Every structure is written in C-alpha cells, then in structure tokens.
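Q: What follows is a single structure, and I will ask about it in a moment.
The values are calculated or read from the model by the stated rules, or taken from the named source; none is laboratory data. Remember, it's a predicted structure, so these values are computed and weren't measured experimentally. FYI the Cβ positions are ideal-geometry reconstructions off the backbone, even for glycines, and counts take in every protein chain you see. We work out accessible area using only protein heavy atoms, side chains counted, and drop any ligands, DNA or RNA first. Shrake-Rupley method; radii C 1.70, N 1.55, O 1.52, S 1.80 Å.
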There are 6 protein chains.
Amino acid sequence: MSGRPISSFELPALESLPGDLKERIAAVQAKTGFVPNVFLVMARRPDEFRAFFAYYDALMLRQGGLSKAEKEMIVVATSAANQCPYCVVAHGALLRLFAKDPLLGDQVAVNHRQADIAPRQRAMLEAALKLATAPQTFGEEDVQQLLAAGFSREDVWDIGAITALFALSNRLAHLSEMRPNDEFYTLGRDRGAGPPRPS
Amino acid sequence: MSGRPISSFELPALESLPGDLKERIAAVQAKTGFVPNVFLVMARRPDEFRAFFAYYDALMLRQGGLSKAEKEMIVVATSAANQCPYCVVAHGALLRLFAKDPLLGDQVAVNHRQADIAPRQRAMLEAALKLATAPQTFGEEDVQQLLAAGFSREDVWDIGAITALFALSNRLAHLSEMRPNDEFYTLGRDRGAGPPRPS
Amino acid sequence: MSGRPISSFELPALESLPGDLKERIAAVQAKTGFVPNVFLVMARRPDEFRAFFAYYDALMLRQGGLSKAEKEMIVVATSAANQCPYCVVAHGALLRLFAKDPLLGDQVAVNHRQADIAPRQRAMLEAALKLATAPQTFGEEDVQQLLAAGFSREDVWDIGAITALFALSNRLAHLSEMRPNDEFYTLGRDRGAGPPRPS
Amino acid sequence: MSGRPISSFELPALESLPGDLKERIAAVQAKTGFVPNVFLVMARRPDEFRAFFAYYDALMLRQGGLSKAEKEMIVVATSAANQCPYCVVAHGALLRLFAKDPLLGDQVAVNHRQADIAPRQRAMLEAALKLATAPQTFGEEDVQQLLAAGFSREDVWDIGAITALFALSNRLAHLSEMRPNDEFYTLGRDRGAGPPRPS
Amino acid sequence: MSGRPISSFELPALESLPGDLKERIAAVQAKTGFVPNVFLVMARRPDEFRAFFAYYDALMLRQGGLSKAEKEMIVVATSAANQCPYCVVAHGALLRLFAKDPLLGDQVAVNHRQADIAPRQRAMLEAALKLATAPQTFGEEDVQQLLAAGFSREDVWDIGAITALFALSNRLAHLSEMRPNDEFYTLGRDRGAGPPRPS
Amino acid sequence: MSGRPISSFELPALESLPGDLKERIAAVQAKTGFVPNVFLVMARRPDEFRAFFAYYDALMLRQGGLSKAEKEMIVVATSAANQCPYCVVAHGALLRLFAKDPLLGDQVAVNHRQADIAPRQRAMLEAALKLATAPQTFGEEDVQQLLAAGFSREDVWDIGAITALFALSNRLAHLSEMRPNDEFYTLGRDRGAGPPRPS
C-alpha cells in the first residue's frame, strides 16, 4: 500500500528545464513552500507548460466580477464531476484558503446543491456543471439565467472559460495520473479564519 | 453564507425520546465527544431509529473477513457516487481513523481508481459501486471476481449488504438534507499515525 | 430450461434457526399459505433478518397518510427501475391485492406514467423514482411538489423512507439472486374484485 | 381512477375502414376473441396499417431458426427497456402462450438476466438489447457472439430486424399512448401447460 | 485504408430478384443516377423490402402539414443521435436538396440547437429526439408543445411516425453495417440555390 | 430562416486589436483566404487568444508520431461527441484536406466505428473518446492498449493532450455559440485527390 508516483509519465530533470520554467517553478515554491505536482508533470513539454499557465493566469488572476473563491468553486465542482483527484484536492485547498472556510472545499466537491453558498453561486455552479458535463445542451437559456442571477456577460465568459480550462486540465491529469501533493489535503482546514457555523 | 440547519425535517426534543434512544445517543456522545447528526435526525421515528442502527451494528460491527477500514471504503465510495454529503464526510473521517491514513478518505471519495489501496480493495470497490449504481447488472460474474480477489462468500455478502445499507442511508440523508457535523471534516487528518508517503 | 434455485447463496436449515425467526416464518406461512423466499434468504444472517423486518414493519405497517396500495406502488415502481425480479413480482402481487385491481401491478412496473393512478399518486412516484435513481438531485423542490400534491411532511418521509428501504432490498435481492416464489405471479389477478374498466 | 381511453389519438369508425383492413380485423377477432388495440389505433392510417402488419408478418410468421417463443422474448425484452405498456403486456401474453410457461413473460420483462432461459437465448437478448438501446455500438463483435451461440447469419438478421421493428412499434405506442387490452394481462397465466418448477 | 463493402451481409444477385423489386430499383436508378445501397441490402429479404418501402412511401410521400425538408430534418437529427452513417449521409443530402440549403444537412446532424431553422422546426426536432432516444418519457406534454408550435394532431402523428420508422431504419443499417453511397456526400452542396447567409 | 451571427458575444473591432493579434489574423487570412471565426471570437480576450493559439500550435504543429490527419481525426471525433458545430465543421474540412479524402470528415463525425480508418486509428479514437466523454475512467489499461496498437508514450500524450485541448475548445464554442464559416462546409470535398473507393 505504498504511494503511487507523481505521474505515470516520466518527469524531466529540473535542472534540464528552460530558464523560464525553472523561474516559474522556483517562484511557486518560494510562495507556497512546495512545488505543486502539476508544474513537474507539465514541464515535460515546455511549450505546453507555457501555454497552460499563460491561460491559467489569464483567467484565474484576471480582475473581474468573480471572486477568487468563486473561481475555485467552479474548479472544484467541475473537477469533482470529472472525479479528478489532482484538481479536487489542490483546488479544494485553494477554495478553503480564499473563502476562509474550512468546510467549503469538501462541500462543493461532494454536492454543491447542499453547500453553504449563496444563490448566485449555486446558479454559477449549475451553469458550469452543465457546460462541463453536457456542453452540447448549453445555450442562451443558461446565459440568461446567469444574467438573472446578477452576473455580467463578461462574468459569463469567465464562468464558461474557467470551466473550459479545467475540462482540459482534468483530462491532462487523468491522462498522466497526476497525483496531488500531500500538502494540499490539509491546507486551509484550520478553523480559525472561517465564519461562524451552526453548532 | 450562514450555515444550514441539521435537517429540513424538524428534530425531536432529546428529552422527549424513549429511554433506549436517549441511552444510545448518550453513549455515542460519551465515546465521540459529540452527537453525530444522523442520530438526531433518525430519532424522529423511534422504530426506524432502532431498525436502522440494529442493521448498522449487525454489519459494521460484525467480525468477518473485511477490516473496519475496508468497510468504510465501501461506504465512502458508494456514498460519493450518490453525492451524499453526510455519509462522505462522516465516513471519510472514520476511514481516515481506521486506516490511520489522513489521505485515504478524500482519495476514495474523489476517485477510488487512483486511491492508494490494494488490488483486492479495488476489486471490492468495483463490485460495490456496480451494485450501488447499476444493481440490475450485478450478477454471478461479479461474485466470481470477488472470490478470485480472495474474498469468501461471506465477505461477498458483507460487501453487498454494506453497499445496500448505504443505498438506504444515502437516500435518507438526501431525503432529510442531513448535514454532517463540522467535527467530521477534520477528524483523522493528523499526519502522525499514517504510513510513509512519496514526497 | 429447468428453474434456478431460490438464491445463489446457501440457505440455512429451517430447524437450525433461532426461535424468533422460526416463529416469524411460521406466522407468514400460516397467513399467506407459503413462505416468501425473502424470509429464507435473509435467515442466513439472523441479526440482519431481525433488523430488515423490523424496518419493514416500521414503514409498511405504520398508520399514516399513505394507503397500503400506495406504499406498494412505490415499491413496485422503484424496484422496476432497478429491474429487481423478486420485489417487482412479489410486491406487484401485493399491489394487485391491496388495490383490488388485477392490472395495476403490471401497469406500475412497466411504466407508471401510463398507469391508471391518480395525479397525486403520479407525483408520489415521480419523487420516489428520482430519489431511487438519482438521489443526489433530490431536494427541497421535490418536497414542495409532494406537499403541493396534498401530502403532509410525514407522508414525504414515508415516501422517501420506503424508497430508501427498497433501495436496500433491491440490492440484497440482486446480491443473492433471490428468486420470487411462483405463487406471486398469479396472486390477485382475479378480475372479481377490481373496478370497472373500459372495454 | 377510471380507465384511460385506448389511445390519445381519435380512432376511426370500424365501418368506414377499407375492406382489407376490415377483413384483417375480423380475422384476428375470430381467432383471438377480441381485437387487439394496435389494430384499432393503426387503422387511422390505412397505408401505414398495411405496411406495419406486412412487416410484422414477414418477420414474426417467417419460418427460420428462431422459435415463436424466442421471437416474443426479443419483443418483450426490448419493449421493457423502452417501458412500452402495450408491447410488454400484449407480447408478454404471447410469450407465455408460445413458451407454455406462465412465468416467462414477467421474468423477461423485469430482468432477462435472471429469467429461466437457455444460454443461447440470453446471448440473443443481450444482442437485441444492445441494438435496441445503444444501436451505434452494435457491430461485428456482436454478430460474432451470436454466431458463437449457435445462430446462423439469417438468424442474426431476424434477431436484429425484430428488434428494429419493435423499436418502431414501441415508439408508435408511446406516440399514441396505446393501451393494452385488459385480456392480455391474464392470457397464458394458467399453470397447466408449463414445465415443472422448483417449489 | 481501402473501402468497406456495402454491407456485412451478403447481397442478392440483382437478376435473381422478384420483378417488383427489380422495377423499383430500376426506377430509383433512373431518377437518381445510382442505386442507393439501402435498396440492395434490403433486397435480400423481398417481403421486408416491400413492407419497408411501403411504409417509407406512406410517410415520406404523404401530403400533409410537414414539408419535405422538415421530414428530412427529423430523419437527419434522429439518425445522428443514433450515429447511423447511412441515414445521416443519405438523408443529409436529401435535406440539402429539398431545403435548397447546402449547410443545413451538417447543421442538423451536428447539433440541431444551433442550426438555421425556424422555432417550430426546433420544437419538432426536440419532440422527435425525445421519442427517438427516450421514448418512455414521451407523453401528452410533448404533444401539447407541438400543438402550441403550430402543428396539427395529424402533423404530430407524422413527426412521431417518421421518427419511429427511422428508429427501425437506423437499427437495420447498424445491423447490416450499411455503407452510404459515395454520391450522397456531395449531393446538394452547391451554393447556387441556397438562401443568402451572413458573410 | 436568416443566418445567426458569428457568436452570441460581441466581437471586438479588428482595428482595435493588439498588433500581434492583428498579425496572426492577417496571416491566417492570407493563407486560407478567409478568417476562421474562432480568431474573431477569441480576440475579445487578447491574453486568452494568445494562450489558446500557443497551445494549439504546440500540439497541432508539433512533429511527432501522429500524422496531421490523425490529429484532425481526434478533433473531429471528440467534437462530434460534444456536438460542437464549429469544431466538427472546421476540422472536418481540415481532415478532408490532410487525408486527401473527401468522405473521411463526415465518416469520423457520424460514427468512427464505421469510418474507413486503420485499426491503429480506431484504437486512437476509442481512447480519445473515452478521455473526452468519461475522463474519470481513463487509466493505465487505455494507455496499454494504445502502446499495443503501436503508439509511443509521447504519442499517447499527444492523443490525450489534443483531446484535452478540444474539450476546452468545444466548451468555448458552445459558450459563445461560435458559428463555423460557410467556407468550411465545402473545403476538401473534391473527389480528385482521394483514394479509390468501392463503387
């Protein structure tokens, strides 16, 4: 019952990587304290690494109508629908941290319908899950429901594009059997910062 | 974003309960430090409470070929397939505790195929998930695969019956919108007792 | 093309059973004229036998807002969705008897949407089938529709709990390849007692 | 709870029908003792009536490698998958009569995997159900399995074509909400002619 | 990568066919310039050939509320849902020709929701696809939606019956691995006759 | 029945775009003779435009074990499973051109199982479709089947990563209701260059 390797694909030697990849990896390690495995797995294809993280930054760092926690809700809910261990565990941690809520990662992963989220967030996740799991049925009606829930058309694009990026990301993780770092399982589970709960 | 109540059904006053229910509830509180919400929700129907926990004890406390951790794996995997918050969160905690492994609850909940479990356990979960989600297709071939994986016929009954009991349990939890106690989210996440992992 | 045995699991010798099981079995035989196979199959695990039939009695014999025929409709419709031969055939017979309608068992088993049932019963079966086959989607909206159809909240619990019990029961029957007694196929098919029909 | 009409579409007056339809209807009535509702519903479109029954006769009366009972098994199993009341009830009766087995209609309708049928018949129903419910996945492998089970290529055509005809028939019955005649529910349920069964 | 044969079933020699089949085949060749493969494949069973094309003519040549292009939309959309190469390619060509629109065949085959069709045609295809892929859920509500979209009850029958006929046709084509003639791929793709489009 | 706009989202004015986007768009227009709509729709978010096309180039222009036609087969088959009009129509054209086969685009889009492709290509599409539509079930067995079909592990990555990129792309197209340019429907349908076919 010993652990599996980080990926079923061979990882590149860190020292052999192009300079920009080395820098990005060093930066995340400095900030987070460890190197999330997705950086190591994607580094075997430097051009794809660059494109993937450029896309990631364009959407996840973009200033817009969605909060950081809301973006992570989309990632967690759609990745759970795809049963993607890396994305659910890693982004569940980010959701806990951004929302300052130690329960929300698991709640959204298991069943968003019973999570402690606002109605607008439930509408957001319904649309994201529809686009993630039955994209051929997504249409103007879904856009209208998002607008009715208070989102702008740019927000709609963000919701859809984040869903789309993690449709890609989940499949890369399944392709490579990408293993989440152990650290992600416990990040942000500290009760301290969260909002009060019913006893 | 305030929390939801424990259930969408009204809970009985503890002091109004029959004596045997009061005793069982006091016992679990003494042992666990809190009263799992399932006891409070089920107590509104004392006869069903008694039958449910009698069934639970008959299967989950029974000495047989399955370890306590293996029984919880079945509960977590099949409850995750049914997206049942109460059962995934509460029994994910029990799985972490019994397996002395802080990662296993989430791994089995998200995708048992990539969990750090033995081949016999994977065979066990494949059969349990088939019986849980497509019971009409379960048959002698599935039994044979379990026997080939080293289980006895009594073990096969246990695997199937635990799956069946949580098919009931998940549906009661969805019916009543049963909320997991906050305590379950963090139980057993301590690294101390677990086996070594790849860094 | 000779018949299959009652179950793929070995049955216990009747004389070796604990006294309370013997009594229950004798009582049902005296009343019905034969021993339904579910008693023989479950008897191999006396504690589970006791819990199962205690649960069964708590729900199916309970006095409440659902008629006996309505309870059997739930059993037949959800068991048909799970393609469970024992439950469809045995409870189809009970439905015919309780409803005094020789056609209703087959109608509800094949397609409840075209059965000769009242609108409130159709609403009941829609909710039960949702909880049976997609429990993760069951929620407050479904409860509201049942209330709107005239059911009380205690009735809602009964509808959901009966559905849950037969989610368990169907899986035990599939696990054990439980064969319905031949007698069930023809019980209650007599035209005499039924309501008039269109020619 | 009064009965529904024979169809949601208006039926033609019998006396207004073309002579060949009148004759066919009179013949079936003479033979069966009643007019199966499918004749009345289809008669509203005489050209379609003629084509439908010509197709029916070409397949169901054809002398070939399939017995009459085997043809009815295909009809019952695939119609049950489509939850078609008319076809399940009417052809369940024919299956009981042709097989001289009062249990077989319900067994095949509820779950062919547990019916008292021969292995070749199970292979036949597996192929038919695949073509009925996921036709895009049917292919040479399925044909090979039928050949391996002892069927000729002409038998394979018969199995597939009967499945195809009832794919049409089930949809016409759903389109028109075609009600099975009450008589079909009880035909062939007499124990007399059937083979011995386990007690 | 050489082409597959017309069918996995042996074809009859044309000169050995009954006179009426020869005539029909000669007529279609004279009109179309080639013999569509469906005629060759069906000819191996003359009685089924006659019934099939009689049914086809009764529905597809019938004068009623549906235009020829609308009938072909139903065929293309439902055949695409069944992934039937023969019917999608052959009737995609007919749809292009009857609609005088070189894009419509592909649009309806890939995703009718985004095709350049009128709202009434979208309602027609929604109902047809429901009857094609989930016939057990088709009911009075669907009929009412078609009536609300402007169809008569006779049109509803036509929509349903064409859907039913191609449920049969698709399954025969899958059964026989019927290959579309190369000519169908390009028929009607000429821009000339079509309506103006957005640049 | 007039045509729909290119997208449900507003398009940016070409002259307002950053220089690198203008250049890329001018280059594709010079090469192709028209501007594929995906460039216009994606240009509303320049950072996402850059990341998307960088990813596209990294995979689709990469020299490796897959031919250009094989890459397009993956795109067409998985986009057809998602019913994505833009990707099926545009990449169907590219598949026809790269394969010099006027039939292959439609064949792969409708049902790859009956397309004129090599066994290794069928294995490739089976794996791609599994990753596209049920990514949680993709695993080492699928990788082994690809290796057994003659692919290298780098090819496996390419197959999976192209599938993943179009999982994203299909969802962006559905999000934005992206319309394929009319030109794509007819590109590469000329018989000239294709291989001989059975008459």
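Q: Hey, any idea what % of the range B:81-199's accessible area is carbon plus sulfur with a 1.4 Å probe?
A: Answer for the range B:81-199 is 57 percent, counting heavy atoms of protein chains only.
Q: According to the Cα gyration tensor, what semi-axes, each the square root of 5 times an eigenvalue, does the equivalent ellipsoid of the range C:66-199 have, listed from largest to smallest in whole Å?
A: 23, 20, 11
Q: So which residues of the range C:47-72 lose at least 40 Å² of accessible area, probe 1.4 Å, when you go from the chain by itself to every protein chain present?
A: C:Glu48, C:Ala51, C:Tyr55, C:Ala58
Q: Moving to a separate point now. With a 1.4 Å probe and every protein chain left in place, work out the accessible area per residue of chain E in Å², rounded to a whole number.
A: 36 Å²
Q: Pop out a list of residues from the range D:1-44 that are at least 40 Å² less accessible with all the protein chains around than in their chain alone; 1.4 Å probe, no ligands or nucleic acids counted.
A: Residues losing area: D:Met1, D:Arg4, D:Phe9, D:Arg44.
Q: When the Cα centres of the range D:7-64 and the range A:66-95 are compared, how far apart do they sit, in Å?
A: With the range D:7-64 and the range A:66-95 each reduced to a Cα centre, they are spaced 59 Å.
Q: Work out the FRET efficiency for C:Glu10 and F:Leu147 from their Cβ-Cβ distance, taking R0 = 41 Å, and round it to the nearest 0.05.
A: According to the calculation, E is roughly 0.35.
Q: Connecting C-alpha atoms closer than 10 Å in a GNM of chain F, tell me which of F:Pro36, F:Pro180, F:Pro18 has the biggest fluctuation.
A: Most flexible of the set in this elastic network: F:Pro18.
Q: From the residues A:Thr163, A:Leu125, A:Ala115, which one has its Cα farthest along the dipole of chain A in the positive direction, the dipole being from +1 and -1 charges on Cβ of Lys/Arg and Asp/Glu about the Cα centre?
A: A:Ala115
Q: A further question follows. At a threshold of 8 angstrom on Cα-Cα distance, excluding pairs fewer than six apart, so keeping six or more, what relative contact order does the range E:81-199 reach in percent?
A: Relative CO of the range E:81-199 lands at 45 percent.
Q: Give, as a single signed number, the net charge of other residues whose beta carbon lies under 10 Å from the beta carbon of C:Phe138, with Lys and Arg counted +1 and Asp and Glu -1.
A: -1
Q: How much accessible area is lost when chains F and E come together, counting both sides, with a 1.4 Å probe, in Å² rounded to the nearest 100?
A: Buried area between the two chains comes out at roughly 3100 Å².
Q: So if I restrict to the alpha-carbon atoms in the range A:16-91, what is the Rg, and what is Dmax, the biggest pairwise distance, in Å?
A: Computed over the Cα atoms of the range A:16-91, radius of gyration and Dmax are 13.4, 40 Å.
Q: Can you work out D for the protein assembly as shown in µm² s⁻¹ from Stokes-Einstein, where Rh is the Kirkwood radius over C-alpha pairs, the temperature is 10 °C and the viscosity is 1.306 mPa s?
A: 49 µm²/s
Q: Ok, one more. How high is the relative contact order of the range E:1-93, in percent, counting Cα pairs under 8 Å that sit 6 or more residues apart?
A: Taking the mean separation of contacting Cα pairs over the length of the range E:1-93, I get 20 percent.
Q: Show the residues, 5+ positions off or on another chain, whose built amide H is closer than 5 Å to the amide H of B:Asn181.
A: Distant-sequence amide H within range of B:Asn181: B:Asn37.
Q: Apply 1/(1 + (r/R0)^6) to the Cβ-Cβ distance of A:Lys31 and D:Thr133, taking R0 = 56 Å, and write down the FRET efficiency to the nearest 0.05.
A: 0.60
Q: Another question, then. Semi-axes of the equivalent ellipsoid of the range E:1-159: what are they in whole Å, largest first, if each equals the square root of 5 times a C-alpha gyration tensor eigenvalue?
A: 31, 18, 15
Q: Compare each residue of the range C:109-136 in its chain alone against the assembly with all protein chains, and report those whose accessible area goes down by 30 Å² or more; 1.4 Å probe, heavy atoms.
A: Buried on complex formation: C:Val110, C:Asn111, C:Arg113, C:Gln114, C:Asp116, C:Leu131, C:Pro135, C:Gln136.
Q: Next up: Under 8 Å for C-alpha pairs, at least 6 residues apart: give me the relative contact order for chain C, rounded to a whole percent.
A: Computed value for chain C: 30 percent relative contact order.
Q: Another question, if that's okay. What number, in nm² with one decimal, is the all-direction average of the projected area of the convex hull of the alpha-carbon atoms of the range A:79-131?
A: Computing the convex hull of the Cα atoms and averaging its projections yields 3.4 nm².
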